[in-house]
Structure formats: structure tokens, C-alpha cells
There are 2 protein chains.
Amino acid sequence: MKLDTIRLIINSSRKFINIGARQKLWNLLKNFHPPDLAGFINHFTDREKIILFVTIHENDNEKAAEVLSELAPEDAADLIQQIPIDTATKIFHELPSDDMAPILELVSEELKNKILTSLEERPTEEVKELLEHEEETAGRIMSPNFYALNENTNVSDAITAMQLEGDVESAFYLYVVDDRNHLKGVVSLRQVLFSKPNTPLKNIMTTDVISVQTDTDQEEAARVVADYNLVAIPVTDSEMKLVGVITVDDIIDVIDQEATEDMYKMVSLDTTDRIKDSPYSSVKKRLPFLLFSLLTASIAPLVVNHFKGTIQQVVTLAVFMPLVAALGGIAGNQTVAIIVREIAVGQTEWISAKKALFKEIVVGISNGIIIGLILGAVSYAILGNPYLGLVLGLAVIINLFIAAMVGTLIPLFLKLIKLDPALGSVNLLTMCTDSLGLLTFLGLGTLFLNYLI
Amino acid sequence: MKLDTIRLIINSSRKFINIGARQKLWNLLKNFHPPDLAGFINHFTDREKIILFVTIHENDNEKAAEVLSELAPEDAADLIQQIPIDTATKIFHELPSDDMAPILELVSEELKNKILTSLEERPTEEVKELLEHEEETAGRIMSPNFYALNENTNVSDAITAMQLEGDVESAFYLYVVDDRNHLKGVVSLRQVLFSKPNTPLKNIMTTDVISVQTDTDQEEAARVVADYNLVAIPVTDSEMKLVGVITVDDIIDVIDQEATEDMYKMVSLDTTDRIKDSPYSSVKKRLPFLLFSLLTASIAPLVVNHFKGTIQQVVTLAVFMPLVAALGGIAGNQTVAIIVREIAVGQTEWISAKKALFKEIVVGISNGIIIGLILGAVSYAILGNPYLGLVLGLAVIINLFIAAMVGTLIPLFLKLIKLDPALGSVNLLTMCTDSLGLLTFLGLGTLFLNYLI
């Protein structure tokens, strides 16, 4: 959708809200898909949001539920806390349990209990079960709604059974279980369509089902779906009993979320920090990381402090300090980005850490020699002192070697101690390349001091 | 799969390859899924790879084709150029056209033509058509295989027609077209399953079909699929005639690829740079960017050069230079990451650039004041000179303001001039925060020079 169209819709909606023209508001909005409506909603003030959302609910409760599903859980929780409780309950009736769980977790305990008790038996149990699984696991994001039938059911009965079950959101497979609900196979709806009515499911099912367990990390589940080109993956408990299904739309959300998290963690950002947050909330989120940065960034001054005497005699060294530090930082960031990203898309299983380290070091030294030679030659040409060129060139070569080594080791080390490989890696890297790079540069400067004065 | 298991399989395979025990090799490999086999292959030498791949082909040609599909196009092209042409042709017979196109583009013109002429009519035409679309567009990644039937077909005839069409890779929808092949609607296979045999498709189809055009950017197509929770999206030409379908597995590849590209472009990396590349190839890929970095990183020394006199008199200023620069760089990177990522997941349509800039500046100044005050106070406490504390604190406040402003403007500006918002953004940012930050710091130092000596 074009930005102008969006502006127009938002301005008109706002006008209708302010003059209380709810029917006109609905006429304007009714033809939009829920994801579009969810996109619009963030542009309104809290008061406008409520009127808009309640208007959708009054005209099409199911659509209101879909809009709620499409909002980020924090935004959905915000909204739900501001509308009348009976409206909220009605909307929750239409919400699939897997979309309900993350929202309920963010509202007050009181509201959560009210909503849960007002819901009928089944979804309440389902939501409670989902909430029992750890965050960011397959169990937490799976949907408890899916088609599963006994292996002895024939195709014709299977079709009837699925029809009775009603519409199951994005169901493309029929899972086949034994008498004790163990996952035995899978049949695509395409196969069902093409098979004779009296064929038992066990004759047409694929027995080699790829599945994950409830405690599998959601990122790992996403990788399995991506690697095997699936559109849904069944989730079993520890006894291989089928308990849920994760559909590919939720997998895409996980992949997006993890890509954002990787990038955010690399630069030491809270993973929930967004542009639309209030400045106050962003300051609160970023400050701890900046205080941590203040610590990591304080190492380099301690190093430089030791060389005050050298700098006093050759101030030109101070001039080139930012260059040596920046080149190390940039080359190191490249290595960090490669290693973090390859770990994220699951390549680490395939690479040996030793090979990666060796390769990056070779690349670092090679690039260092080329950049170092250029820099040394240029600075000699401009400043006329060959020793300054030598010191500068050597420092760059060594700092690019340090950058390659540290840039590889930081994410691998973070992974080894079970932290996220991206976590604060750019901070830690800058700390190393700044302090070790300047140590090298000023150290070499001190060594050649007599030739530099 | 556990790393140990993988090692074991690779070592055993290697042994079987070396003693020529091809049957044993096949027995070892036959139970693995194609994505697993594709993962293994990268661990072997070129000679071993060929034997392994040809062994798979001899025993199960379809599996060989699937393995080829799972490899990165560059790796697949490499492999295909080393095996006998008739083997290659046989494998290509089994390959869907959308997987064929990217591989054929990377092999020699001669081999490409040989393979194309040896294929039968239909796939050749299809591949040629795919190759006619621009890279990174929906037209390039769509599959020309899908179920599409006339709107007047009834459900029973539709089932027969689909059966005759044979197995279409991951088909979950039946598209409905008019007599001139214009896309009119969509029916899920679930709906087909649940409808009476004599119902015409037009009675059960959803007419509000979300589609993209052949020239739509692949990233935009991916965003549409992600936003609307689809498992496939139809692709039309400019006249709304249905020409292809993109399935969600290809969408996931696009999302992964774009996430990698964002991170890589931020740190100025070639988007094809991988750990498994040879050091030589990585040096070649990274060097141009490092040379560009050499230029951007050379601005700060020019700035510092102007303040040599000040530094000579107050060497302590040189000690704190890396701290001022690092804090600006870290805070700026945070802003860049947020803006780049929100543009990537499609939030920019929803945010106004002005609001984002205002918000980031408020956050930057607020954090700057807090960090600046702490730093100023601590340095005063340690060094005993209140003016040094003042200069340092002020410089940090101003540099965090600069970082916020520049960090927001760089990606937005790059987007405005139709470049990738992430492209080299960290380099450009470091250039600004280093040079402007040091200009501020040393400028303030010169201003307060009399109080610092």
C-alpha cells in the first residue's frame, strides 16, 4: 500500500472518530484485511485506538479478533486492558489459543483470570497448557488445533471427520496417530483428495515424519521447517505423542524475530526496542547497554594513558589513532557479522570452529598487508617520514589480524558458554580492537621513537 | 543432527569413496533427507563430491535432483560442471524449473545451452521465461507449476484434472482463472475436499486473492506472504494473467537471504561472502569495502591534525579520544540497527521519518546527558580537573546527539536515493561520529585550553 493511501485512510478515520461517525468509520475500514488494520491502529492515540477497535468488534467480532492476533503481543495487551471486559472476552472467544497465550501473559493477573474464567472449557485448558511451556520453545508457539486421525481410519471417514472438526486455521496436512496418540505418519490433503475412499490412512501416509518436541527451541524448529521446506511441523511431547502443530506463518515470525534479535544483540540493543516506543522507554532500554559500553570503552584510554610520554613527543601518533582503531573495528565487525549469521542459519553444525578461525585469520592478515602497505606508503609520501609509514602500516596489519581472531572467537565463545553468539559482540570487539590496536600502534611508536621525532 | 553423528557419517563416506565401495556408500546415505545430504556434501573435496553425487544419482536420480535443489546455486553450478554432461542432463530432467534457472545462470554458456537443448520442450521454455525476469523479482523465483482451472469447472472435474496434472510440488491451493487466464479466485484444497462434487469452483472460491506481479521485488513479495500469513502467493503478469506461484519455502529463503544481506550491508560486506569460501575469494570480496573504509576512516585524522597544538599542551585529551569516539559509534550503531531493521520488516510505511528522527534525537540527548554526567563526574574525581570533566561530559552529550541524528538519517537517506538502507551504514556512521565527535571534543578542549593545562 502506498504511504499516501495510508495517510488518507488514517486522516479520514480520525475525522470520523472525532465526529462520532462510527458507521462511516466502519464503511471505510471494512474492506481492509486484518494485517492492514493492525498496521493502521498504531498510528492512533490510545483513545482513538479504542474507538476504532470497538467499532470493528461491533460490526465484525471475528475481524476484531484477527486484528488483535496481528498486533504485536505488547500492543494487543495494551489495547485489551483499555476496552470493557465483556468486549475483551467476546473477542478472546474468537482467538486461537496460540495467539491468546502471549497476550494474556502481558495483561494484569486479574484481567487474565477474568478472561480465562469467562472462556469456555476447552480454550482455557489449551491456553493454560501453552503457558506451561518455556518461552521461545516449540511448545509455546504451537497451535493445539490440527487434524489428527487414527491410522486405521479410511479416507472417506477422514474427510467426514475433518468436516465435523470445522475449519482449522491453515491446515494442509492430516496427521496420523496410533491408538495411544503417538505420531505415526502424515498425509497431505492433496493425497487425501487423490485416494480411493476406502483406503486406510496408514496405506497412504508418509511414515518418515519430521517433528520437533515441545521443549525444542523455537529457532531450531524454524530451521527444521526452513531446511526441509515444510509448511507445518508437528510437535510431540517426550513420549512422541502428538500435542500440537506449528504452521509456517508462525515460523516466519520466528525467523524475522530472530534476525532482528541477532542484529540488535550485535549492537547491544534490547530486543524489544522499537521506533514507536516512547523516548522514555527507549532510554530505559538502551541505558544499561550504554553503561556497559562505557566500561568496555574505558579500556582503550587506560592503554593510551601509558603512552602519554610518546604522544607528547610525537603528536602525529595521536592524529592516526582514530584511523588504526576504526580499521580494526570495521574489519572485526565484518568477521563478527559473518560468524553470527552463519551460526544463525545453522551453518555451525557444518563448519569446524578451527577452520573458520584459520580462514578469517588468513583473510585478516592478507587484507591487513594490503591496506597496511597502502596506508604506510601514502603516509610516507605525505609526511615524508618512512618510519611513521612503517609504524602505521605494521599497526594496521597487526590490528586486522587481531580483529579477525577476536571477531571469530567472540561469537564462538559466547555460544560455548550458552549465551547468544551475537550478544554485545560489537562492543566486545571494539573494546579489543581499540585497546589492542592502540597498544600495538603506540607500542611500535615508542619502539621507533627516536626515528619519529 | 549432532555434530558427532555428522563427523561419523562424513568419515565413513570418505572411507567408502576411497576404497570404491559405492554400494556401501549408498547404503549409508540412502536414508538421509536431501537437505541433510546437501549439508554433508560441502565437507568433501571436489573429487569426493563428484563420486558421492554420482552415486546418489545412479541409485535414485530424483534424490540427486533434490540434493542439487538444496545446494546454494553457486555450489550446485560448481558440481554440475564437473560431472558428465549426460548425468547432468538426467538430473536436470527431475529439477523444477524455478530451481533450474539460478543454477543455469552460473554455468558456462556452452553447458547451459547443451542442457537446455537436451531437455524436453516444456521445462526449457519455462526456464527461459524465468531467466527473462530481473534478478530478485517475484518473476525470477516463482514456480511455473501450479494448479489453475477455469472458474466454471466443478469440484469433481477439478479433482480429476489435478490428478492428471500429477504431483505439483507443495501445492496447497487451486487457483481459479477465467477463459483468458486472468486470476479470478483461489480455493484451498481443504475447501475442495469439503464441497459437493457438482459445485462450480466460482461458487466456493475466495475472490479477494492477494497476488504480486512478476516485476515485484522478491523482498516485497516475501513481506506480503509474511503479513497475510499465506503459504503461497500467485504471480500475475501486467495484465493480471496468472503465470506462476511462489511457495512459502522460497519465501523463507528470501527472508533469510535479506536478513543476511541487511546485516552484511550494514558492516560493508559482500552479500555472497561465506565462511566456506576460500580465503582468496573472501579477500577479493572484502578488499574493496576495506579500501572504502580506509577513505571514510581518513576523515577523523584530518580533524585531529588541526588540534595538534592543543594535544601537545594537554596530552590527556589524546587519552580520552578513543572513549568519545567509541561511545558515539556504539550509540549510533544502535540507531542504525533499529532503523534498518524496521525498514526491512516493512515498518517504514507506518512510521514517519520525522517522528523517528525526533524520537532518536531525544533518546540520544537523554542518554548523552546521563552518560556524559557520569563520565564527567568520574573523570573529575580521578583527575581532579573539573574542566576536563566538563569538556569530556559535553563532548559525549553532543556526540550522542550526532550519533542519533546521523544514525537515523543515513539509512533514510540511502533509501531515499534508492540504495539499500543498510549499505555501508556503519562505515558512514563511524566516519561521522569519529570526525564530528573528535571535532567537538578537541574543539571544546581548545576552548577551555587555559583551564586544562
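Things worth noting here:
- Taking a straight Cα-Cα cut-off under 15 Å and skipping sequence neighbours fewer than 8 places away in the same chain, the aspartates and glutamates within cross-link reach of A:LYS276 are A:ASP46, A:GLU74, A:ASP75, A:ASP78, B:GLU342, B:GLU349, B:GLU360.
- Teacher prompt: B:GLN23 distances to equivalent labels in other copies, 7 Å Cα→Cβ, nm: 8.3
- Protection-proxy order for peptides B:14-21, B:72-79, each taking the mean of Cβ atoms within 10 Å per residue, highest first: B:72-79, B:14-21
- Cα centre as origin, Lys/Arg/Asp/Glu Cβ charges: chain B dipole, Debye: 2220 debye
- In this structure, the pairs whose alpha-carbon distance is over 29 Å, taken from A:LYS90/A:LYS184; A:LYS63/B:LYS202; B:LYS24/B:LYS63, are A:LYS90/A:LYS184.
- Calculated [θ] (222 nm, deg cm²/dmol) that DSSP helices of n ≥ 4 give over the protein assembly as shown, each run adding -39,500 (n - 2.57): -21500 deg cm²/dmol
- Computed from Cα positions, the angle between helix B:155-165 and the longest principal axis of chain B comes to roughly 90 degrees.
- Looking at chain B alone, DSSP beta bridges between its own residues are antiparallel in about 75 percent of cases.
- Taken residue by residue and averaged, Cβ atoms of other chains lying within 10 Å of the Cβ of A:282-294 number 6.
- A simple charge model with +1 on the Cβ of Lys and Arg, -1 on the Cβ of Asp and Glu and nothing else charged puts the dipole of the range A:148-249 at about 540 debye relative to its Cα centre.
- Alpha-carbon centroids, the range B:387-453 and the range A:281-336: separation in whole Å: 14 Å
- The range B:197-242 versus the range A:1-43: alpha-carbon centroid distance in Å: 24 Å
- Spin-label model, B:ASP217/A:GLU220: points 7 Å from Cα along the beta carbon direction are separated by 3.6 nm.
- Normalised Debye scattering of chain A at q = 0.11 Å⁻¹ gives log10 I(q)/I(0) of -0.99, counting only Cα atoms as equal scatterers and leaving out solvent.
- The range B:297-452: C-alpha gyration tensor shape, a/c 1.5 cut-off, then a/b vs b/c: prolate
- The range B:3-132: Cα Rg divided by the 2.2 N^0.38 Å rule of thumb: 1.06
- Efficiency of FRET from Cβ geometry, B:GLU74 and B:LYS24, R₀ 35 Å, rounded to 0.05: 0.70
- In the range A:148-235, the DSSP beta bridges split such that about 65 percent are antiparallel, to the nearest 5.
- Taking a ≥ b ≥ c as the square roots of the eigenvalues of the Cα gyration tensor, the range A:148-249 is classed as prolate, since a/c reaches at least 1.5 and a/b is larger than b/c.
- Beta bridges by DSSP in the protein assembly as shown, antiparallel share as percent, to the nearest 5: 75 percent
- Degrees separating the helix A:218-227 axis from the principal Cα axis of chain A, which is the longest one: 90 degrees
- Crossing angle, helix A:61-70 versus chain A [Cα axis fit, 0-90 degrees, rounded to tens]: 20 degrees
- For residues of A:305-316, the mean tally of beta carbons on other chains within 10 Å: 4
- Gyration tensor (alpha-carbon) shape descriptor, the range B:223-348, a/c threshold 1.5: prolate
- Eligible aspartates and glutamates near A:LYS196 by straight Cα distance, threshold 13 Å, same-chain separation 8 or greater: A:ASP157
- For residues of B:265-273, the mean tally of beta carbons on other chains within 10 Å: 4
- Cα principal axis extents for the protein assembly as shown, largest first, Å: 94, 79, 53
- Rounded to the nearest 20, the Cβ-based charge dipole of the protein assembly as shown about its Cα centre (Lys and Arg +1, Asp and Glu -1) stands at 3660 debye.
- Position A:ASP78: other-copy label points at 4.8 nm, ordered by increasing distance, label point 7 Å along Cα→C-beta.
Each value in this text was obtained by applying a stated rule to the coordinates, not by laboratory testing. Since we're looking at a predicted model, the values are computed, not measured. Cβ coordinates were reconstructed from backbone atoms using ideal geometry, including for glycine residues, and neighbour counts include every protein chain displayed.
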